[in-house]
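Reviewing the structure listed below.
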Amino acid sequence: MAEWAVLQENEGRIHIVEIKDDMVKNKGLGVFNSATLLADISIGEEVLIGQKYLTRLPARLPELVAGMARRAQTISAKDAGAFITRLGIGEGDLVLEAGLGSGGLSLHLARVLGSNGHLMTVEPREEHAEIGLLNLERASSCFPSFPKHTHLSGMVEDVIPDEKFDAIILDLPDHTPAISACAERLAFGGRIACYAPSSSQLEKCWIACEDSGLNVEWAGELMEREWGRTSRGGMRPVNGPFGHTAFLLFAKKV
Ligand SMILES: C[S@@+](CC[C@H](N)C(=O)[O-])C[C@H]1O[C@@H](n2cnc3c(N)ncnc32)[C@H](O)[C@@H]1O
């Protein structure tokens, strides 16, 4: 299995570098032999690469997320945390996630499922799956424990296996066919969650869940507002976007 190192620039930018005994181009850093360069660099120590000093950090979830490869829009910590807690996901669960996309949510799920959990990911687009699977491969070599992972290629409504899932999360453009295919694959007491950027999508999710016999428990959005210290002392909300990510909906099989 490949090994990875996390390096942080003084300005905060994170790079995730594969440890390879070969001259390889590393995006944003240039061409170097990472095995030789990092052989004597421990966690907390600095290394000079080109003109940049970088500090080697432990490969924890926030660093893997900050340095992840990206293609499709990702789910961030704010919403991932709500999925994990409201779905009650933890050690040993069987969880289905569609679509995988860049694997932003998958990284958070993999961190809490433990070695007895099982994460199934589904993605129809090869070019998205390639990025999501790369991010999961990095995580599997960095996290102290990692669940069993199965990846299915295709639309979730076509490829969902005949299993009883503890939780199913759908982040895809057309939820209705996915919900009707997934509802019968939920274990009794299991929950489904939908991530819907627009209110019209949210309403369709609600209707599709009820049509499939699921009990909608909660729908809404989560607001996050960052605060910082001012130059004269005291604290206030920082300037910047107070934006919308997506609406979340949770429904239970009873
Ligand atoms: C916004 S991305 C998911 C991002 C992912 N949650 C993350 O945090 O990185 C949506 C993905 O759903 C995939 N998709 C679209 N329809 C799908 C379906 N019916 N079943 C499974 N995946 C689907 C798309 O190809 C796309 O990669």
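For Ser198, indicate whether it is in the same structural domain as Gly90 (by TED's automatic domain parsing), within 14 Å of the ligand (Cβ to nearest atom) and loosely packed, with under 13 Cβ neighbours inside 10 Å. Judged against the criteria, Ser198 is a match. Screening Gly220 with (1) within 29 Å of Gly117 (Cβ to Cβ); (2) within 16 Å of the ligand (Cβ to nearest atom); (3) under 21 Å from the mean Cα position of the chain (by Cα) gives one miss only, at (2).
Criterion applied to Thr121, Thr176 was being within 12 Å of the ligand (Cβ to nearest atom) and in contact with a strand residue (DSSP E or B) (Cβ under 8 Å, 6 or more places away or on another chain), and the one residue passing it is Thr121. So Ala208 ticks every box in (1) assigned to a helix (DSSP H, G or I); (2) among the small types (Gly, Ala, Ser); (3) in contact with an Asp or Glu (Cβ under 9 Å, 6 or more places away or on another chain) but one. Which box is left unticked? Result: Ala208 passes all but (3).
Beta carbons closer than 6 Å, at least 6 apart along the sequence or on distinct chains, pair a first residue in segment 225-254 that is in contact (Cβ under 8 Å) with a residue 24 or more places away in the chain with a second that is part of a loop (DSSP other than H, G, I, E, B) and surrounded by 10 or more Cβ atoms within 10 Å (Cβ to Cβ) for Ala246/Pro197; Phe247/Glu221; Ala251/Leu214; Lys253/Leu214.
The single residue among Ile84, Ile75, Ile16 that is in contact (Cβ under 8 Å) with a residue 60 or more places away in the chain, under 26 Å from Ala196 (Cβ atoms) and crowded, with 18+ Cβ neighbours inside 10 Å turns out to be Ile75. When residues of segment 31-72 are filtered for being away from the ligand (no atom under 16 Å from the Cβ) and either modelled with pLDDT of 95 or more or surrounded by 16 or more Cβ atoms within 10 Å (Cβ to Cβ) (or both), how many remain? The number of residues fulfilling the criteria is 29. Just one of the listed residues (Arg185, Arg229) is of a type in the set (D, E, K, R) and either away from the ligand (no atom under 16 Å from the Cβ) or touching a Gly at 6+ places or on another chain (Cβ under 8 Å) (or both), namely Arg229.
Residues of segment 154-171 that are farther than 17 Å from Leu214 by Cβ and within 14 Å of the ligand (Cβ to nearest atom): Gly154, Met155, Asp158, Val159, Pro161, Asp171. Of the helices (runs of 4 or more DSSP H) lying entirely inside segment 74-161, the ones with 3 or more residues being more than 13 Å from the chain's Cα centre (by Cα), over 19 Å from Arg191 (Cβ atoms) and not aromatic (Phe, Trp, Tyr) are found at 126-142.
The values are calculated or read from the model by the stated rules, or taken from the named source; none is laboratory data. None of these values were measured; they are calculated from a predicted model. Please note: Cβ atoms are built from the backbone with ideal geometry, for glycine as well, and neighbour counts cover all protein chains shown.
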